[in-house]
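Structure first, then comments.
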Number of protein chains: 2
Amino acid sequence: MKIGLDIMGGDYAPKAIVLGAIAAHQSLNAGEHLVLIGDTEQIKPILIEEGFNPDHFEYVHTDEVIGMGEHPTKAIVQKPKSSISVGFNLLKEGKIDSFASAGNSGAMLVGAVFSVKTIPGIIRPCLCTILPKIKGGTGLLLDVGANADCKPDILLQFGALGSLYAENLLQIDNPKVALMNIGEEDEKGNMLSMATFPLMKDTNLFNFVGNVEGRDLFNDKADVIVCDGFTGNVMLKLAESFYVMTVKKGMKDEFFDRFNYEQYGGSPVLGVNAPVVIGHGISSPLAVKNMVLQSREMITTGLVDKIKTAFK
Amino acid sequence: MKIGLDIMGGDYAPKAIVLGAIAAHQSLNAGEHLVLIGDTEQIKPILIEEGFNPDHFEYVHTDEVIGMGEHPTKAIVQKPKSSISVGFNLLKEGKIDSFASAGNSGAMLVGAVFSVKTIPGIIRPCLCTILPKIKGGTGLLLDVGANADCKPDILLQFGALGSLYAENLLQIDNPKVALMNIGEEDEKGNMLSMATFPLMKDTNLFNFVGNVEGRDLFNDKADVIVCDGFTGNVMLKLAESFYVMTVKKGMKDEFFDRFNYEQYGGSPVLGVNAPVVIGHGISSPLAVKNMVLQSREMITTGLVDKIKTAFK
């Protein structure tokens, strides 16, 4: 198994990423290899400084970088030698089994769809975020920004994708899937949620439990919460800002601690033909380590094949 | 001046409402009268218990109530003798100058539009919420649920309505108005926000400062944040759930304390021909008191006339 990691992506790259790779290495089993993609000239000094044997990793040298602020589609096209472009080429050619980066999220999404392509039957791939639950454990919110505008059949598929991820990666049996809405009653909502509700109610793709509201993000009403990428992105950033406030204010609490994105690795891209994980721009070594382990789990659980089978 | 208050609406009605009316009375000036609308048989014992002179208030007896769970339109039509229906009739006839209730929000919205009607030139009235800002002071988020689906010209008008409220009621000079979006860059967004951005950029109705994101709800980037009612409702409920968590966890903090909805009264309905305030279902006496004082400010500042002039 080869886990691809972009060393150049993220606000603290390459150092935080290399340190994360070193930390992840201790948790990998025999036969599980990390492939570092990026400027090897920049990687080596960090490994030496850490006294880490460079032979533990494999390397693919790249000498271009897609910046955090660059236009995703343009950058992917214009920088074929960038770590993100090279990473996706390796993924497409099967030379790595998963690809993770804390770099330009848009470029990661575009790269995933351009290179490994959308799984047949899936209308739009999506981006998930993993949420801590007040009573313990985790849940999923999707989409959180890959698709700002959605249609009912797209949201229905997100429910199926989220349910498969929750079952296989979060070890939740028969995950409860809900639709984010502005009221609990069946007939509530905007045009999108009102049109989506009956599709979800009738589906046998997942265990639909009805509508939830903004206040239900962290409680146990649902394991998987589905919404369009605009709503999900706004919610995610609002929730993060609260976490940041509690940290700034020095509030210590077990639940708020679990908000720390570092614990969950990154955001999986679901619906493409290979495991892809997008890390937070500010990813720390711990976040990178968890992103690597999350990539491994996506490979070992065979999530992509399970999604393919479900959408056959 | 006559400030109308529905005594029967809210989870703790009529007691919490009557206690709130008593508390508000101390802050009212000569000539400012509270008109209590509801079952006088239920009001009187509370006043006696509190040793409060009943002559301080005016009364309009009603013997029907619209329940919190009732269908708004049906209830307004089928219960013309309910406190909400009677309140709106008084408002329409000019017998009260404002109307506030912590009862069925949907019925309050429907009642406002049916009775005092939408101000000419305004496409859709909306519901605002007042937000605490981290650095002090307050801001506005609108719409928070009156219009689940919006169009760009509707959002543009929300910007103008919010700006007028912020200027007149929150005493903010030349309020900064922003569009809730999934990125700060001009071209970001879903179809709605992308189509709204250029309208706001070109408007002279208010001081547009660009896009903001979910994380900017409580900072100083904007005084007035505009979004569709679906997004606003989801954000508001998510933010409330955080506040409730900090309270449950016994976290004490000046900023989180200011989250307490009780301090702000209720949610003003903007765009109708008279001041209307909708209180939180769980309104306490303090919340009711502030809802009364907020109603008074909406009257004394002549907000409705200022909105009428702006949309002439």
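Computed from the coordinates by the stated procedures, all read-outs in this text should not be read as laboratory data. Note that the coordinates shown come from a computational prediction; the quantities given were computed from them, not determined experimentally. In this analysis, Cβ positions are derived from the backbone assuming ideal geometry, glycine residues included, and neighbour counts consider all displayed protein chains.
Below are the figures for this structure:
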{"item": "Under 5 Å, built H, 5+ apart or other chain: amide partners of A:LEU131", "result": "A:GLY139, A:LEU140, A:LEU141"}
{"item": "Beta bridge orientation in segment B:166-312: antiparallel %, DSSP, nearest 5", "result": "25 percent"}
{"item": "Label distances, nm, B:ASN204 versus same residue in remaining copies, Cβ-directed 7 Å point", "result": "6.4"}
{"item": "Per-residue average of Cβ from other chains inside 10 Å of A:142-148", "result": "2"}
{"item": "Exceeding the 20 Å Cα-Cα cut-off - candidates A:LYS92/A:LYS308; A:LYS135/B:LYS252; B:LYS92/B:LYS117; A:LYS74/A:LYS117; A:LYS237/B:LYS252", "result": "A:LYS135/B:LYS252; A:LYS237/B:LYS252"}
{"item": "Where the Cα pairs of chain A fall when distances are cut into 10 Å bins, in %", "result": "6, 28, 34, 23, 7, 1, 0"}
{"item": "Percent of alpha-carbon pairs separated by more than 21 Å within segment B:198-287", "result": "46 percent"}
{"item": "Protection proxy ranking, peptides B:129-142, B:212-225, A:200-213, A:41-54, average beta carbon neighbours within 10 Å, highest first", "result": "B:212-225, B:129-142, A:200-213, A:41-54"}
{"item": "Karplus (6.51, -1.76, 1.60) ³J(HN,Hα), θ = phi - 60°, over segment B:251-262, in Hz, Gly and Pro reported as x", "result": "6, 9, 7, 4, 5, 5, 4, 6, 5, 3, 4, 4"}
{"item": "Pairwise centroid distance, computed over Cα atoms, of segment B:77-94 with segment A:23-62, Å", "result": "73 Å"}
{"item": "Antiparallel DSSP beta bridges within chain A, percent to nearest 5", "result": "30 percent"}
{"item": "Calculated FRET efficiency for the pair A:ASP63/B:LYS201, C-beta based, R₀ 51 Å, to 0.05", "result": "0.80"}
{"item": "B:GLN263-A:ILE282 pseudo-label distance in nm [points 7 Å out on the Cα-to-Cβ vector]", "result": "2.4 nm"}
{"item": "Counting DSSP beta bridges with both ends in the protein assembly as shown, the antiparallel % (nearest 5)", "result": "30 percent"}
{"item": "Rg(Cα)/(2.2 N^0.38 Å) for the protein assembly as shown, N = residue count", "result": "1.06"}
{"item": "Cβ-Cβ FRET estimate between B:ASP305 and A:THR300, R0 fixed at 56 Å, reported to 0.05", "result": "0.25"}
{"item": "Cβ neighbours within 10 Å from other chains - mean over B:117-130", "result": "0"}
{"item": "Label distances, nm, A:GLN171 versus same residue in remaining copies, Cβ-directed 7 Å point", "result": "5.8"}
{"item": "For segment B:140-275, the Rg and Dmax computed from alpha carbons only, in angstrom", "result": "15.0, 47"}
{"item": "Chain A: relative contact order in percent, alpha carbon pairs under 8 Å with at least 6 residues between", "result": "23 percent"}
{"item": "Cα-projected label distance for A:ASP220 with B:PHE255, points at 7 Å along beta-carbon direction, nm", "result": "3.1 nm"}
{"item": "Theoretical FRET efficiency, 1/(1+(r/R0)^6), r = Cβ-Cβ of B:GLU184 and A:LYS151, R0 30 Å, to 0.05", "result": "0.65"}
{"item": "Among B:236-243, B:262-269, A:226-233, the order from most to least packed when residues are scored by Cβ within 10 Å on average", "result": "A:226-233, B:262-269, B:236-243"}
{"item": "Other protein chain Cβ atoms within 10 Å, averaged over every residue that makes up A:238-249", "result": "6"}
{"item": "Cβ-vector label at 7 Å, B:HIS56, separations to other copies in nm", "result": "7.4"}
{"item": "Amide N of segment A:195-238 lying under 16 Å from the label point, which is placed 7 angstrom from the Cα of B:LYS248 along Cα→Cβ", "result": "A:213-223"}
{"item": "³J(HN,Hα), Karplus 6.51/-1.76/1.60, whole Hz, each residue of segment A:132-146, x for Gly, Pro", "result": "x, 9, 4, 7, x, x, 9, x, 10, 10, 8, 7, 10, x, 6"}
